[in-house]
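Presented below is the structure to which this report refers.
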Amino acid sequence: MNGFVIWLMILLGLAEVMVKRRTVAVGLVTAQALILVGFAISEANSIDRLIIAGALALRAFGLAFLYIYLIRRTHEVTPVIASIGPLSRAGIAISLSLALIWLFGSTTLVTPDTSKAVLVLVVFGVVTVITRRATLLQVLGIVLIENGLALSALVIPGGSSLFIEIGVTLDLILMSLVASAFHFRIFSEFGTANAGALRSLRD
């Protein structure tokens with residue numbers, strides 16, 4: 001994977017950390033997913049690799065339609081404001097990424113640049129989940145982590161088996177569906193998709 005694609009994935013991930021609008025956030029993670037599809041197709045040298053690319057495409061478009069549907073069904077009367085501003089979130093994400101890269105470096109499974117990109121995307125996803133109150137944005141933070149893991153799987157030399165990669169893709173889809181169901185349930189119960197509403201619950 002060339003440096004331009006890696007940096008594009010990282011910049012889209014950073015934008016995901018900072019963005020406010022849910023529709024824009026969906027567009028960013030979908031763009032990342034489609035980049036992965038394009039890379040999978042460009043590197044496909046067998047039917048198995050094309051099937052994997054097809055599974056990634058199904059995941060990208062399927063989740064995009066799901067999230068747009070959820071946005072339409074869970075319209076917020078007032079925006080859910082994060083407790084930390086976008087620049088502060090970006091600063092935390094970048095600082096934590098640099099610290100972890102300095103501590104752990106790169107792995108021997110993939111190229112140094114790609115392994116660092118995977119680590120950065122995972123950190124960006126974790127920061128998104130932790131610092132956002134809107135549950136759908138938290139779900140999209142999980143998808144950002146999934147995109148990083150999918151990138152790692154695609155660039156392993158020789159690739160993993162078809163069944164393993166399809167299984168991982170299905171697991172990622174299932175995780176996203178479960179998280180989306182929680183988002184819809186929270187909105188149905190509280191009339192808002194603000195995760196802070198859960199603090200009102202008592203045993």
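A few remarks follow.
- Every listed requirement among (1) out of contact with any helix residue (DSSP H, G or I) (no Cβ under 7 Å at 6 or more places or on another chain); (2) of a type in the set (A, V, I, L, M); (3) modelled with pLDDT of 90 or more; (4) surrounded by 16 or more Cβ atoms within 10 Å (Cβ to Cβ) is met by residue 80 save one, (3).
- The condition (being touching a residue at least 24 places away in the same chain (Cβ under 8 Å) and in contact with a Leu (Cβ under 6 Å, 6 or more places away or on another chain)) is satisfied by just one residue among 34, 66, 56: 56.
- Single residue of 94, 41 found to be part of a helix (DSSP H, G or I), surrounded by 14 or more Cβ atoms within 10 Å (Cβ to Cβ) and modelled with pLDDT of 90 or more: 94
- Every residue from the stretch 14-27 that is part of a helix (DSSP H, G or I) and in contact (Cβ under 8 Å) with a residue 60 or more places away in the chain: 14, 16, 17, 18, 22, 25, 26
- Options 10, 6, 51: the member that is farther than 15 Å from residue 120 by Cβ and either of a type in the set (Val, Ile, Thr) or assigned to a helix (DSSP H, G or I) (or both): 51
- Any chance residue 118 is within 15 Å of the chain's Cα centre (by Cα), modelled with pLDDT of 75 or more and crowded, with 21+ Cβ neighbours inside 10 Å: yes
- Of residues in the stretch 137-171 being buried (at least 22 other Cβ atoms within 10 Å of the Cβ) and more than 23 Å from residue 113 (Cα to Cα), the one modelled with the highest pLDDT: 140
The values are calculated or read from the model by the stated rules, or taken from the named source; none is laboratory data. The structure presented is a predicted model; accordingly, all values stated were derived computationally and were not measured. Positions of Cβ are generated from backbone atoms using ideal geometry, with glycine treated the same way; all protein chains shown enter the neighbour counts.
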